[in-house]
1. Just list whichever of 145/198; 189/220; 125/145; 89/216; 124/212 have alpha carbons separated by over 31 Å in the model shown.
2. Order 268-279, 189-200 from most to least packed using the mean count of other Cβ atoms within 10 Å.
3. Quick one: pull the percent of accessible area on the stretch 113-232 belonging to carbon and sulfur, 1.4 Å probe, ligands and nucleic acids left out.
4. Counting Lys and Arg as +1 and Asp and Glu as -1, what is the net charge of the other residues whose Cβ lies under 12 Å from the Cβ of residue 269?
5. Using a 1.4 angstrom probe and counting only protein chains, how large is the accessible area of residue 252 in Å², to 10?
6. Could you order the peptides 112-122, 26-36 from most to least packed, using the average number of other C-beta atoms within 10 Å per residue?
7. What ranking do 157-164, 260-267, 206-213 get when scored by the average of other Cβ atoms within 10 Å per residue, highest first?
8. State in Å² the accessible area per residue of the stretch 158-280; use a 1.4 Å probe, count heavy atoms of protein chains only, and round to the nearest integer.
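The values are calculated or read from the model by the stated rules, or taken from the named source; none is laboratory data. It should be emphasised that the depicted structure is a prediction, and the values quoted were computed from it without experimental measurement. Ideal geometry is used to build each Cβ from the backbone, glycine not excepted, and the neighbour counts take in all protein chains shown. Note: areas computed on protein heavy atoms with side chains; ligands, DNA, RNA excluded. Shrake-Rupley method; radii C 1.70, N 1.55, O 1.52, S 1.80 Å.
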Amino acid sequence: MKIVADWRNRPAPIRFLTKMDKEKIEELKIQMQKWLNDAQEFIQKVPPIQLYAAIGVVLVTTFFFIIIRLFKRKSANTIVLTGLSGSGKTVLFYQLRDGSSHQGTVTSMEPNEGTFVLHSETAKKGKVKPVHLVDVPGHSRLRTKLDDFLPQAAAIVFVVDAVEFLPNCRAASEYLYDILTKANVVKKKIPILLLCNKVDKITAHTKDFIRKQLEKEIDKLRASRTALSSADIANEYTLGVPGEAFAFSQCHNKVTVAEASGLTGDIPQLEEFIREHVKP
């Protein structure tokens, strides 16, 4: 009785709106039923053969539309350049884009980004697929920008300064470890090129030396980070084989090592890697 009394005691405008809403809903039901009846009558008048043919046309059209959409979906064509600050990423970016080292470039604070045909291929005849190249800043506070480009990445180029490698070995290993254990990198098996830059300098270390030192340092990192509590979820995947010394060959994705000199434009191994993963 109390509920009924409360409803009756509500202001008149509210009772009026409720009644109008019910009337509109009822009218809509009647209209929909009429449309349904009209549709049924129309279908009954159509000969079965024509009806089946119409349904077949709709299904086939839908099927081809889906197939076309799948084939038109763009394949990943983004190459991500990353590494520590001062490793020469920006110089490599300009060499790939216009064949110049752009001497005097400073440490990038924002990603350099562009879609273009590689400079070495501009004279080629026929269709050449442009490459979307991104130079991600190497400063520790800006590396999170890397995550913005990983979903579209066809490959990653991790640039290492071959001259100043030893003083930066630990920092480079930590950054590389973080990349190798990222969910996007592991799940998509994004290939990584360890590019030893500045090899034109007489004091540059060889790519084999750099590879071995990085493997040793990552092995230490793996041991120390595995020992942390499960509350540390900064890395989503573990590296290597338990009980064995770490090697890049154990990674979920393919890791290769190459050399380059951004200053002199000696970058054929880098271009070959890019074209391996972004087909012309």
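1. Numbers: 145/198 25 Å; 189/220 23 Å; 125/145 36 Å; 89/216 24 Å; 124/212 38 Å.
Over 31 Å Cα-Cα: 125/145; 124/212.
2. On the way: 268-279: 16.7, 189-200: 22.0.
Ranked from most to least packed, the peptides come out as 189-200, 268-279.
3. On the way: 3060 of 5920 Å².
After summing per-atom areas, the C and S share lands at 52 percent.
4. On the way: positive: 207, 275; negative: 259, 266, 271, 272, 276.
In short, -3.
5. The accessible area of residue 252 comes to roughly 90 Å².
6. Working: 112-122: 15.2, 26-36: 9.8.
Result, highest mean first: 112-122, 26-36.
7. Values: 157-164: 23.5, 260-267: 20.4, 206-213: 15.9.
In descending order of packing, they fall as 157-164, 260-267, 206-213.
8. Details: 6220 Å² over 123 residues.
Here the per-residue accessible area is 51 Å².
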